[in-house]
1. Looking for whichever is surrounded by fewer than 16 Cβ atoms within 10 Å (Cβ to Cβ), in contact with a Phe, Trp or Tyr (Cβ under 9 Å, 6 or more places away or on another chain) and at negative phi here; the options are 146, 179. Which one fits?
2. Kindly evaluate residue 144 against the criterion of being out of contact with any Lys or Arg (no Cβ under 9 Å at 6 or more places or on another chain) and not in a loop (DSSP other than H, G, I, E, B).
3. Against the condition touching a strand residue (DSSP E or B) at 6+ places or on another chain (Cβ under 9 Å) and either free of Cβ contacts under 8 Å to residues at least 24 places away in the same chain or in a loop (DSSP other than H, G, I, E, B) (or both), how does residue 29 come out, does it pass?
4. Does the range 98-117 include one or more residues that are in a loop (DSSP other than H, G, I, E, B), over 15 Å from residue 210 (Cα atoms) and charged (D, E, K, R)?
5. Does residue 10 satisfy being in the same structural domain as residue 64 (by TED's automatic domain parsing), at pLDDT 90 or above and farther than 13 Å from residue 64 by Cβ?
6. Which count do you get for residues in the range 47-69 that are in contact with a strand residue (DSSP E or B) (Cβ under 8 Å, 6 or more places away or on another chain), in a loop (DSSP other than H, G, I, E, B) and more than 14 Å from residue 17 (Cβ to Cβ)?
7. Which numbered condition trips up residue 170, out of (1) of a type outside the set (S, T, N, Q); (2) farther than 25 Å from residue 14 by Cβ; (3) at pLDDT below 95?
Amino acid sequence: MSKIYTSQTTVKQNTEEAISQASTKIVAQILKNEHLVQNDLVSIVFQASKELTTVSPAKGPRTQLGLSETCFFAQYLPFKSGHKLSVDITVNTQNTPALHAVRAATNIEINNLQLIQKNLISLLLNLTQLNNIRKKNLHKIYISVSTDIDKEKINISKILQKADLENVNYEFTYDTPISPDHPMYLARAIRILLHYYPKDQNSTPIPLYLNKTAKKLRPDLIQPS
């Protein structure tokens with residue numbers, strides 16, 4: 001069983017410091033009020049308004065609250081305005097069956113619809129196979145693309161069908177835009193977050209970062225040569 005805690009705040013300025021402070025504060029407040037620790041958390045999903053384009057809101061909580069093992073996901077909601085930032089924290093409310101979360105990402109060289117679809121299907125298939133996830137065990141799929149990809153042309157239902165994941169609950173959004181001069185900026189990126197019930201409750205989720213995404217987003221996963 002799982003539960004979602006939600007909170008919202010207004011960020012004073014579109015700066016890295018202000019966004020990090022705001023995101024850290026609302027996450028810390030939920031953790032404190034609900035007496036939660038990292039082991040209780042399944043994932044933390046941010047929704048940011050279109051004005052917040054400096055840095056991912058996940059950076060602050062991950063580093064300042066010691067949540068390096070938690071799955072973060074950030075969504076860009078263009079219909080929101082006024083420097084709004086909200087968060088959904090999914091937690092397990094009992095030990096068995098415990099909901100797990102795992103991340104994956106890739107990027108493409110050109111904004112081509114066929115290439116996007118091919119890479120997204122491949123990413124879904126590889127991530128589910130890597131973690132031995134069956135469709136019946138999937139709880140929800142979060143998919144986002146960077147704002148330099150034509151999201152409106154992508155048929156997610158068709159893609160999920162080709163990945164044998166039709167009828168699974170999903171959200172499809174833009175990722176929060178990040179300034180091109182920021183070290184974590186990644187052009188034409190595709191990101192996935194899966195919520196699932198593992199066959200083996202003691203298993204550890206294995207993330208999958210392909211192409212340039214590992215170096216940009218998770219350099220800690222790169223094996224030294």
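1. Numbers: 146 fails: surrounded by fewer than 16 Cβ atoms within 10 Å (Cβ to Cβ).
Just a single option satisfies the conditions, and that option is 179.
2. Values: out of contact with any Lys or Arg (no Cβ under 9 Å at 6 or more places or on another chain): no; not in a loop (DSSP other than H, G, I, E, B): yes.
Judged against the criteria, residue 144 is not a match.
3. On the way: touching a strand residue (DSSP E or B) at 6+ places or on another chain (Cβ under 9 Å): yes; either free of Cβ contacts under 8 Å to residues at least 24 places away in the same chain or in a loop (DSSP other than H, G, I, E, B) (or both): yes.
In short, yes.
4. Going residue by residue through the range 98-117, those that are in a loop (DSSP other than H, G, I, E, B) are 98-99, 108-112.
Pick out the ones that are also over 15 Å from residue 210 (Cα atoms) and you get 98-99, 110-112.
With charged (D, E, K, R) added as a condition, the list becomes none.
For the range 98-117, residues in a loop (DSSP other than H, G, I, E, B), over 15 Å from residue 210 (Cα atoms) and charged (D, E, K, R): absent.
5. Working: in the same structural domain as residue 64 (by TED's automatic domain parsing): yes; at pLDDT 90 or above: yes; farther than 13 Å from residue 64 by Cβ: yes.
Spelling it out, residue 10 is indeed in the same structural domain as residue 64 (by TED's automatic domain parsing), at pLDDT 90 or above and farther than 13 Å from residue 64 by Cβ.
6. Taking the range 47-69 first, the residues in contact with a strand residue (DSSP E or B) (Cβ under 8 Å, 6 or more places away or on another chain) are 47-50, 52, 56-58, 61-62, 67.
Filter again for in a loop (DSSP other than H, G, I, E, B), leaving 49-50, 52, 56-58, 67.
Filter again for more than 14 Å from residue 17 (Cβ to Cβ), leaving 49-50, 58, 67.
Total satisfying the criteria: 4.
7. The number of the failed condition is (3).
For (1) modelled with pLDDT of 90 or more; (2) outside the structural domain of residue 48 (by TED's automatic domain parsing); (3) among the β-branched types (Val, Ile, Thr), each residue gets a yes or a no:
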residue	(1), (2), (3)
128	yes, yes, yes
133	yes, yes, yes
141	yes, yes, yes
160	yes, yes, no
176	no, yes, yes
197	yes, yes, no
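The values are calculated or read from the model by the stated rules, or taken from the named source; none is laboratory data. Keep in mind that what you see is a predicted model, and the values were worked out from it rather than measured. With ideal geometry, Cβ positions are generated from the backbone for all residues, glycine too; neighbour counts draw on all protein chains shown.
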